[in-house]
Each structure stands twice: as structure tokens, then as C-alpha cells.
Amino acid sequence: MRKELLFAFGAFFFMSLHAIAGNDAEVSNEQKQTNEFTIKTYKKDVTGDGKKDNIQLKAIPFSPDALFLKEIWADITTSRGSKVRIDYEAGYEPKIQFVDLNHDKIKDMLYSSATGGSGGLYNVALHTLADNKLIDIGLPDPLNIQAQFEDNYMATITFVDTNQSYTVDLKDRKEEYERLGIYTDGKLNEPTELMVVPYAFFEPTNIKGKPGKGLKAYQRINGAYNADGIGNVISYWYYDNDKWTLMNIDWKPLK
């Protein structure tokens, strides 16, 4: 009798533990679902059938009160009922712009989210879902830029792709550059390159002489450190024959 009672009690004890563990798992799953939220719902025709598709931009924050979104994706339900998911890079304040950039008369999806870094950089991705086929169109390749300090507190910047070259006078910063050891009495202590920052972000734009939209890309060239801005590079791109073609580069020195 005693053994039977002990066995019954033991069985009840392990069943209770199992139930508690199951409840904890349910709570954990509920918490995960609670953290997931929809940022925005778009109604756009992205497949080209003339009917609007449902695009939900969703995210999971790093923590319940965090502005940083550690997971971001788009859940797409097409007018035909098929479902597609696009995973994006993490970031802040994500959004999708709908614009035909590959010129097939169907809107593409241009995603962007701020990285939160000091350089004002954004994560960017470009996709098409024409004919219900998801394709990563990709973005323009980096520019070929040669930028370096020169003697007498000068700098030269050359855009190899377009054979443009500029000279920048940096004499107003000579005390700082001397303090940092870049110059001694106006002479370079050693060959030193400027800081060419990657593309900060892209935005749709009109391209002179071309039908439809292209992309305008922004990037910064700095001197000795990130806050030492020298100028902005604005490049213009047009998508043709399944690739991005560089159309023009504007150099905007900072005053």
C-alpha cells in the first residue's frame, strides 16, 4: 500500500512538472508573438497582373521598448493567393518604396532602414516580384574613387569611372592636421588617404534623357575622421540591359 501511494505521488509530481514546462513554453511562444508587430500594410500591384497585392512590413524589436528592430521582413500575399516572404537587414524606421526601377512597367520594392551609426548610413535592398517570381535586382556597384591628402594642406579626389578630378584646399584645418601628425609644416609625414564612406542611401530620381526612374546615390568623403567632412558624392544610375549604368557624378565640397 505504501509503495502504491509513493508511486502515485511520484507520477503526479512528474506530470505536474511536465504541465509547468508546457505552460512555460506556451508563455514563451506568446511572448515571441507579442513582440512581433506590423509596421505598415501596403496595397500595391507588385506582380503585374493589374490587381493589388497585400504587403505587410513586419518586425521584432531587440527588446519590448527598443527602437532597434532586430528582425525585419515583408509578408506578401499576392492577388492569386500565393505567399512570399522577403527578409531584410535589421535597423531603425524601415520602409518600402514602390517604384519601377528596372523599367518593366511593374513596381519594384525599394527597402531602406537606418543603421543608427554616426555616418547616417542605411540598409537598402531592391526586389521585383514580377510574374510572381521573386528576384533580387541588386544595387549599383561601388564607385572607383581615389582620394588622398597632398602637401600644403591640399587633397585630390579622382572619380576613375568618369575621369573627373578635383583639388580641395584644406588650409583652414591645418592646425588640427598638424596636431594629428598628418602634416609637419605643411608637408605630409606619409602618404595618407581620405576616408571614402560607402553609399549612405539611395533614392529614386529622374534621369535626364531617360524614360522612367533611376537611382540617386549619396556618399561622403571625410578627412582624418568621420566628423571631418570634406564633401559629398552624388552619383546617378540607370538600370538597362539587366545592369546598373553610371550616368553622372556630382562633387559637392562642404563649406
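Count charges around PHE149 for me, please; just the other residues with Cβ under 10 Å from its Cβ, Lys/Arg as +1, Asp/Glu as -1.
-4
Hey, got the dipole for the chain? About the Cα centre, +1 on K and R Cβ, -1 on D and E Cβ, debye to the nearest 20? Let's see the in-between values first.
Working: 30 positive and 36 negative charges, 198 e Å.
Dipole magnitude for the chain comes out near 940 debye.
Tell me the volume per residue, in Å³, of the convex hull enclosing the alpha carbons of the stretch 77-146.
Per-residue hull volume (Cα only) is 111 Å³.
Can you figure out the FRET efficiency of ARG179 with SER118, using R₀ = 30 Å and their beta-carbon distance, to the nearest 0.05?
Result of the calculation: an efficiency of 0.90.
Amide H to amide H under 5 Å from ILE207: which residues, 5+ apart in sequence or cross-chain, H placed 1.01 Å off N in plane?
Under 5 Å from the amide H of ILE207 lie the amide H atoms of GLY214, each far enough along the sequence or on another chain.
For helix 2-35, report the angle its Cα long axis makes with the longest principal axis of the Cα atoms of the chain; keep it between 0 and 90° and round to the nearest 10°.
The helix 2-35 is inclined about 30 degrees to the chain.
Ratio of alpha-carbon Rg to the 2.2 N^0.38 Å globular estimate for the stretch 145-253, to two decimals, please.
1.26
Would you list, by chain and number, the aspartates and glutamates whose Cα falls below 18 Å from the Cα of LYS243, excluding same-chain residues fewer than 8 positions away?
List returned: ASP100, ASP104, ASP108, ASP136, ASP141, ASP161, GLU203.
Calculate the FRET efficiency for ASN152 and ASN232 from the Cβ-Cβ distance with a Förster distance of 22 Å, rounded to the nearest 0.05.
0.40
Can you give the Kirkwood hydrodynamic radius of the stretch 205-249 from its Cα pairs, in Å with one decimal?
Mean inverse Cα-Cα distance, inverted, gives 11.9 Å.
Choose one of LEU139, ASN189, ALA224: the residue whose Cα lies farthest towards the positive end of the charge dipole of the chain (beta-carbon charges +1 Lys, Arg; -1 Asp, Glu; about the Cα centre).
With unit charges placed on the Cβ atoms, the residue in question is LEU139.
Taking the Cβ of ILE207 as the centre, find all other residues whose Cβ is under 12 Å away and add up their charges (Lys, Arg: +1; Asp, Glu: -1).
Numbers: positive: LYS208, LYS210, LYS213, LYS216; negative: ASP240.
Surrounding charge for ILE207 is +3.
Given a cut-off of 34 Å, what percent of all Cα-Cα pairs of the chain lie beyond it?
Cα-Cα pairs in the chain separated by more than 34 Å: 42 percent.
Which lysines does LYS40 reach when only Cα atoms under 29 Å apart count, and residues fewer than 8 places away in its own chain are ignored?
In chain and number order, the partners are LYS32, LYS51, LYS52, LYS58, LYS70, LYS83, LYS95, LYS105, LYS107, LYS133, LYS213, LYS216.
Evaluated at 37 °C with a viscosity of 0.692 mPa s, what Stokes-Einstein diffusion coefficient in µm²/s does the stretch 37-136 have when Rh comes from the Kirkwood expression over alpha-carbon pairs?
It diffuses with D of about 235 µm²/s by this estimate.
Place a point 7 Å from Cα of ILE39 in the direction of its Cβ. Which residues in the stretch 121-147 have their backbone N less than 16 Å from it?
Inside the label zone: 121-127.
LEU246: net charge of surrounding residues, Cβ under 9 Å, Lys/Arg +1, Asp/Glu -1, itself excluded? Don't skip to the answer; put the middle values down first.
Working: positive: none; negative: ASP141, ASP161.
Combined, the nearby Lys, Arg, Asp and Glu give -2.
Every read-out reported here was derived from the displayed coordinates using simple, explicitly stated rules and does not represent laboratory data. Computed from a predicted structure; not experimentally measured. Quick reminder, even Gly has a Cβ in these numbers, built from the backbone with ideal geometry, and neighbours come from all protein chains shown.
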